[in-house]
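Quick note: the coordinates plus some simple rules give every number you see, no bench work behind them. Because the structure is predicted, anything quoted here is derived from the model rather than measured. Because the Cβ atoms are built from the backbone with ideal geometry, glycine has one as well, and the counts that use them run over all protein chains shown.
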Amino acid sequence: MSAVLLSLLTTSLIAQDPNSSDPKERRRAAEEMARKGAEAIPTLQKMLSDPDLDVRIEAVKSIVVIDTEHSLEPLVRATRDSDPEIQIRATDGLVNFYLPGYVRTGLSASLRRAGRQIKGKFTDTNDQVIDLYLEAKPEIVEALGKLARGGASMESRANAARAVGVLRGKSAVPDLIAAIKSTKDSQVMFECLIAFQKIRDRSAAPQLTFLLRDLDEHVQVAAVETQGLLYNMDALPRLREVLARTDKKEVRRAALRSIAMLPDPLNRSVLQRYLEDKDEELREAAAEGLGRIGDARDLPVLEKRFAEETKNSPRVSAAFALVMMGKTEMSEFSPLRYLVNTLNSSSRAMEARALLIEAARKPEVRRTLHDAMIRGTSDEKIYLAQVMAASGDSEQLPLLEQLSRDPDVKVAQEGLRALRVLKARVQ
């Protein structure tokens, strides 16, 4: 063997020595261990205690890449590290186990380090959540809850709050409330509020009403919407006050949306006032709110709104209102048929899906949708499977089993996923 080859081999072996006295070699060893898979986890776990920060960072990155059940315990441990980057990477790694691909879009994907300062960009989209049949281990939710209220930086706290929401970590609700009350950081408060919206624990809502007047518009809008989504009827007087006093367009929209979600007859006059507003989002909220109240006196004006509305989204809302008020037939030009047809629109399908999920809580609506589930377009089948997963009962299980065998692969996959979700709900 030549001296050069021997030297290269020796250098390679040393570089992979996790016990080397040279921090640079230990860092390289930690990085290269990602290729070994789960068998490297015990060594990487020990390296999480390394006195060199960069070694610990490379160790946690490799554990995240390995991404097996064996990664979870060391990642929970890494959330207790004093460095915010390690906390953030461990958090995203824990979520990634339950929601594959999360690390590619999570905060850790944009991290930049300048000395001890960590900078990253939160994505504007925050609608990810694991399926109902999945449940994160209690120790993971506990670790993330503690991190949300006491992380090493505001970024790591906000990121942990987002993770709790994605994992539907209900047991961390007290931690999220403590996190909100112990900080003035807008990103932390915002992420906690969105987490509450995903967890849907109604008991938390009264403890969040103080944020309805927050000076940060981003936080205020989220706080207002949270009261409606958590069905806090007691918040209605404050929401009406916000609506009456605000001069901010997004706050006004959020306030009317939340009022519309809380079906109180006292809301009728408020909602009627916005049914003809020039702002189409206010028209949408007004129609939906009147539909939820269900006063027959509003039926003629809602039918007129559905027939004459020229904008698609407010018309979808008017259709929903009519369905909620008993117009559940599936004739060619009926409101329910219009909602189902809208599932074929790439720009408005999610609007129709959300409203159908709510409407389908009524048994008569679910039964009327059965035929569309079997004979509809691929998009209709896929979205209606999601509707039944969220709002169906045992009566829809055979239909979802049939969809899970659909010749369209995408339909079959969604049918199977919906079947698992529904079984988790009803069995």
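Look at HIS218, HIS70 and count the other Cβ atoms within 10 Å of each Cβ; fewest to most, that gives HIS218, HIS70.
Shape analysis of the chain based on the Cα gyration tensor places the equivalent ellipsoid semi-axes at 48, 27, 17 Å, largest first. For q values of 0.10, 0.11, 0.14, 0.18 Å⁻¹, compute log₁₀ I(q)/I(0) with the Debye formula on a Cα-only model of region 162-305, without solvent. Rounded to two decimals, the profile gives -0.35, -0.42, -0.65, -0.96.
Step by step: find N for region 328-427, compute 2.2 N^0.38 Å, then divide the Cα radius of gyration by it. What's the final number? All intermediate terms of the calculation are to be shown ahead of the outcome.
Numbers: Rg = 12.2 Å, N = 100, 2.2 N^0.38 = 12.7 Å.
Ratio of Cα Rg to 2.2 N^0.38 Å: 0.96.
The magnitude of the dipole of region 328-427, with charges of +1 and -1 set on the Cβ of Lys/Arg and Asp/Glu and taken from the Cα centre, is near 300 debye.
Between ALA287, VAL95, ILE374, the Cα set farthest toward the positive side of the dipole of the chain (charges on each charged residue's Cβ, about the Cα centre) is that of ALA287.
In which sequence would LYS278, LYS46, LYS119 go, from the one with the fewest C-beta neighbours within 10 Å to the one with the most?
The most exposed by this proxy come first: LYS278, LYS119, LYS46.
The charge dipole of the chain, taken about the Cα centre with unit charges on the Cβ atoms of Lys, Arg (+1) and Asp, Glu (-1), comes to about 480 debye, rounded to the nearest 20. Counting every other Cβ atom within 10 Å of each residue's Cβ, LYS146, LYS248 order from fewest to most as LYS248, LYS146.
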